[in-house]
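Input: a single structure, listed below in structure tokens.
Every read-out reported here was derived from the displayed coordinates using simple, explicitly stated rules and does not represent laboratory data. Just so you know, these numbers come straight off a predicted model, no measurement behind them. With ideal geometry, Cβ positions are generated from the backbone for all residues, glycine too; neighbour counts draw on all protein chains shown.
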Amino acid sequence: MEAETEQRDVGIKQKIINTIKIKGPVIPVQISREIGSDILMASAHLSELASEGKLKISNVKVGGTPLYYLSGQESSLQNFSNNLPEKENRAFDLLKEKKVLRDNRIEPVVRVALRAIKDFAVPLQTTYQDNKEIFWKWYLLDKEEASFLIKKILIGKEEVNPDPEIKKEGPVKKAEERKEPEKAIEEREEPVKKEIKQETIEKSIEAADTTSSFSGEVKSYFKANKIEIKNEKVIRKNSEIDFILEIPSTIGVVEFYCKAKNKKRVNDLDLSSAYVHGQLKKLPVLFLTSGELTKKAKEMLTTEFKLKIKKI
């Protein structure tokens with residue numbers, strides 16, 4: 001019996017991998033349809049494949065859910081950049097255009113955002129004339145081109161010919177300019193060790209406006225229904241907020257996970273993400289929206305998801 005179960009799991013996992021080969025990066029709800037299972041089971045299989053090193057997990061999220069993808073499909077992650085918050089999307093566009101950015105020459109808000117878009121921004125610690133600096137490389141840019149662009153920035157020349165003697169030593173790269181032997185450039189791709197001071201971050205990122213129109217509507221709804229807010233997290237300003245609520249009922253106060261979304265059309269992915277979050281928190285789910293459900297979302301609401309939907 002155990003052997004049969006194990007064999008079945010192997011077959012399911014292979015089907016998942018084959019699906020991702022065809023479709024590219026996916027979220028659990030898409031896999032659940034392919035394997036004829038619920039979202040939690042699909043999530044469990046995807047997590048196992050990721051822990052086995054057969055899948056990668058993105059930092060960018062679709063409706064709060066990460067994407068699962070195969071090695072070699074990194075370029076497809078660009079298709080989901082519109083799911084990034086506004087400031088991070090701006091940093092994404094800037095880095096994609098410039099290919100390389102000098103950390104100490106960009107706005108603090110962009111520096112913070114670059115640290116958040118780990119799928120797309122690769123930090124390079126560079127040593128030049130005994131000074132250490134951080135540069136950000138577009139994730140699809142090869143190291144040789146990145147080195148060329150960084151040298152061009154540091155030396156300040158309009159044109160710099162690539163040095164044919166640049167050597168690769170694992171993650172460490174060293175280059176010497178023949179005309180200026182005293183200027184050595186060393187680049188190391190590694191996690192950024194020196195974080196921006198907290199006060200700089202706080203000044204760089206605008207605080208969520210709790211008096212914004214959508215937030216105000218949501219809180220007015222809570223107040224009218226005597227619902228208490230236990231925890232609040234703004235995902236996107238004036239667009240998406242997560243709450244832990246205490247809602248009165250005939251059997252007493254019940255704790256709920258709430259997803260509030262300011263969106264004209266709520267689709268099945270929005271609902272599946274809220275459902276999974278609720279399941280992980282082991283709480284019933286309340287979904288508040290200013291918009292309408294798509295036909296597919298309505299169908300899944302009756303067949304797969306147990307959510308309370310309220311329009312505000």
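Computed over region 1-107, the percent of Cα pairs more than 19 Å apart is 51. Kirkwood radius and radius of gyration were both taken over the C-alpha atoms of region 219-301, and their ratio Rg/Rh is 0.96. In whole Å, what is the distance between the alpha-carbon centres of region 234-300 and region 85-159? Computed from Cα coordinates, the inter-centre distance equals 37 Å.
Using the charge dipole of region 40-160 (Lys, Arg: +1 at Cβ; Asp, Glu: -1 at Cβ; taken about the Cα centre), state which of Phe92, Tyr139, Ser75 has its Cα farthest towards the positive end. Value computed over the given set: Phe92.
Among Asp38, Asp9, Asp103, Asp142, what is the fewest-to-most ranking by other Cβ atoms within 10 Å? If you can, show how the numbers build up before the last one.
Values: Asp38 16, Asp9 13, Asp103 20, Asp142 9.
In increasing order of surrounding Cβ atoms, one gets Asp142, Asp9, Asp38, Asp103.
Reported to two decimal places, what Rg/Rh ratio describes region 55-100 when computed on Cα atoms with Rh from the Kirkwood expression?
On the way: Rg = 11.1 Å, Rh = 11.3 Å.
Looking at region 55-100, the ratio lands at 0.98.
Residue-wise HN-Hα couplings along region 6-19, as the Karplus relation 6.51 cos²θ - 1.76 cosθ + 1.60 with θ = phi - 60° gives them from phi, are 5, 5, 5, 5, 4, x, 5, 5, 5, 5, 4, 4, 5, 5 Hz; Gly and Pro carry x.
Of Lys230/Lys282; Lys118/Lys143; Lys23/Lys306; Lys219/Lys311; Lys56/Lys87; Lys98/Lys151, which sit over 22 Å apart, Cα to Cα?
On the way: Lys230/Lys282 16 Å; Lys118/Lys143 17 Å; Lys23/Lys306 27 Å; Lys219/Lys311 13 Å; Lys56/Lys87 25 Å; Lys98/Lys151 14 Å.
Going by Cα-Cα distance, Lys23/Lys306; Lys56/Lys87 fall outside the 22 Å limit.
Sorted fewest first by neighbouring Cβ atoms within 10 angstrom, Ile247, Ile27 come out as Ile247, Ile27.
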